[in-house]
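Before any comments, here is the structure.
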Amino acid sequence: MSLTYLICRTHGYASKLLRKDLIRELATCRSLQQLAERLSDTEYGPRLKAAQTILDFEKALAEVFVGRLSALPELAPSKVKDFIKSYLRRYEIQNLVWIARMKLGGASEDEIRRMLIPVKGVSKLDIELLIKAKNLSELIKAIKKSGAYLLPKEVENVIDFEAELWRSYYAQIFKKLSRVPVSDRQDVKNLLGLELDLVNLKICMLSVAGKLDRRLVKKLLIDNPAGASRSKLIRLLSEGDEKIFLEHFPRYRSFLMSAASGDDWLPEVEKFRIVRRFAESRKVSKFVNFFYVLKYIMDSEAEYRDLRSIAIAVHHGIPPESRLRLLVSV
Amino acid sequence: MSLGVRYTRGFLLDLKRRLSFVRDAHELLEMKRDQLIREIRNAIAKLKKIRGEIEEEVEELYRDLALIHVTYGSQELLSASWIPGEKMELEILPRIIMGVEVPELKILKAPSVGENYPPHIIGLARKASNLIVKLLELAELEAMIERIAEDLRMTNVRVNALEKVVIPTYEELIKRIGETIDQSQLEEFMRVKLVKKALAKRREAV
């Protein structure tokens, strides 16, 4: 199939996404039932009907989200398909990290299965085999054997494992940029660079705040070919002052301020907002442009995250007026 | 209260000795009660302070937990909860306060979250782990107050029993025995006097 076809279909899919004002309205819901009722006319309606608990709710939202994304590689031409699959593998990494943590704690196979996002379509791995691994080292061995991710010989702990997976993911995705149409390549590269910059800066700020060991930070930082280098961040980190980061990265001021605030959740929300804003700012002149596909993936994730945030906020009884600052798309 | 009452001088002396012992015991128990009240007051003041601090910390912890849950979702939080932290070790030692055995917790190894927690959750995990130490302190104080309160209740019952029942009974008994003995002494005296009189009359007639 042609790239134009994929992009046109993406425009169609994008029209199905929930409007900002509806999400704002959903944030005022008093109960999960009320939320489910208000979503009954949307794509989420049939799946939310049977949802009783917050976990059911989250699962239903994840299914719609994954359903939307899994359609994209099928419509893409082989070159772009390769890139999209690699990009979507970020959700597989989340699954792998969750499996690793639960394996470490001795969770049962069923408990692990219940937790995962169903990303079969983009996965290179046999997830069922990984779930059946007896322990963490067997899980790592199976991943290494599959060749899906490049892991070093020695993986000390789960944090190490997670960092190595993301390192391998970003290395692969930057490599796969060659599959993106030339006209969009730089924009996509900048987007990934921005995202990785924020991931690295978050780790640095946590370390400056004394929440993360300096030795661990060096392991967690990921090389960024389209942003601030790892060595630069380590050098700045040795100054041990958050102001240095504000001076060197003025474009991420809001993010750095949120990270310095001490609220561990705020940088994550801010990171997603910045990445989305960047994608919004790249409103391309032509209607047929690959960037729309990436923008659609991000918008879908924003919608998924926002609905999940609203549902959990309702579950915890967070007042409606405080919920808006937890959302990424409004 | 059965004492096997005998209206004799020996028994009266024995009763007086016993009463003096009971009064000493009463005084001692009163002193113990006062000391226990002082201990319990101090412990309650400390408990109020710690409980206030813990309530604030729990509130903050729950707020952070809710916000992290909202931002990262249940899977992230639940999977992190499977990460085993380093086990804490503690010893429970008995401590005696005015004869009351209360538990004293000695933390041999404070709980630690280790290095496996993801960076965005490690702060929350550390807060929760620090809170456990405070909760243990609270539990120790609550157990101490509970034990002292129980002993205080028993001491109070004993003090009241001595004050309202035992001592008045002894006093009443001593009074009664004393009166009975005095009366029988008077009768004896009168009888001796009459016998003396009768003997004197008989001697005069002879």
Discussion item. How would A:Arg325, B:Arg147 line up from fewest to most surrounding beta-carbon atoms within 10 angstrom?
Written reply: A:Arg325, B:Arg147
Response to the item:
With the label point 7 Å along the Cα-to-beta-carbon line of B:Leu108 and a cut-off under 12 Å to each amide N, the hits in segment B:65-96 are B:88-93
Worksheet, complete the sentence: segment A:88-165 and segment A:208-281 have their Cα centres apart by a whole-number Å value of 27 Å
Item to complete: May I ask you to derive the FRET efficiency for B:Leu93 and B:Arg147 from their Cβ-Cβ distance with R0 = 25 Å, giving the value to the nearest 0.05?
Response: 0.95
Response to the item:
Taking Cα atoms, the helix B:9-72 axis meets the longest principal axis of chain B at an angle in degrees (rounded to 10) of 10 degrees
Item to complete: Arrange B:Met31, A:Met257 by Cβ neighbour counts within 10 Å, fewest through most, would you?
Response: B:Met31, A:Met257
Worksheet entry | Isotropic mean projected area of the C-alpha convex hull, chain B (nm²) | 17.5 nm²
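Quick one: if you take sqrt(5λ) for each eigenvalue of the C-alpha gyration tensor of segment B:160-200, what semi-axes come out, biggest first, whole angstrom? Before the final figure, lay out the partial values.
Details: eigenvalues 296, 3, 3 Å².
Value: 38, 4, 4 Å, ordered largest first.
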Worksheet entry | Mean shadow area of segment B:75-135, taken as a quarter of the surface of its Cα convex hull (nm²) | 4.8 nm²
Worksheet item: Measuring from centroid to centroid over Cα atoms, what is the spacing of segment B:37-97 and segment B:163-206 in Å?
Response: 76 Å
Discussion item. Viscosity 1.567 mPa s, temperature 4 °C: what is the translational diffusion coefficient of segment A:113-226 from Stokes-Einstein with a Kirkwood Rh over Cα pairs, rounded to a whole number of µm²/s?
Written reply: 81 µm²/s
Worksheet entry | Over 24 Å (Cα to Cα) - which of A:Lys175/A:Lys219; A:Lys218/B:Lys109; A:Lys85/A:Lys175; A:Lys120/A:Lys295; A:Lys79/A:Lys103 fall in this group | A:Lys218/B:Lys109; A:Lys79/A:Lys103
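Tell me, what is a quarter of the convex hull surface for the C-alpha atoms of segment A:182-286, in nm² with one decimal?
6.7 nm²
With n ≥ 4 as the cut-off for DSSP H runs, can you work out [θ] at 222 nm for chain B, using -39500 (n - 2.57) per run divided by the number of residues, rounded to the nearest 500?
Working: 4 runs with 154 residues, N = 206.
Using -39500 (n - 2.57) per qualifying helix, the result is -27500 deg cm²/dmol.
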Item to complete: Can you tell me the 0 to 90 degree angle between the C-alpha axis of helix B:167-205 and the longest principal axis of chain B, rounded to 10?
Response: 10 degrees
Worksheet item: What percentage of all Cα-Cα pairs in segment A:89-131 are separated by more than 11 Å?
Response: 62 percent
Worksheet item: Based on the alpha carbon coordinates of the protein assembly as shown, what radius of gyration and maximum Cα-Cα distance (Dmax) apply, in Å?
Response: 39.5, 164
Item to complete: Starting from 0 in steps of 5 Å, tell me what percent of the Cα-Cα pairs of segment A:243-318 lands in each bin.
Response: 3, 14, 17, 18, 17, 14, 10, 5, 1
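Throughout, read-outs are computed from the coordinates displayed, never taken from laboratory work. If you're wondering where the values come from, they're calculated on a predicted model, not measured in any experiment. Please note: Cβ atoms are built from the backbone with ideal geometry, for glycine as well, and neighbour counts cover all protein chains shown.
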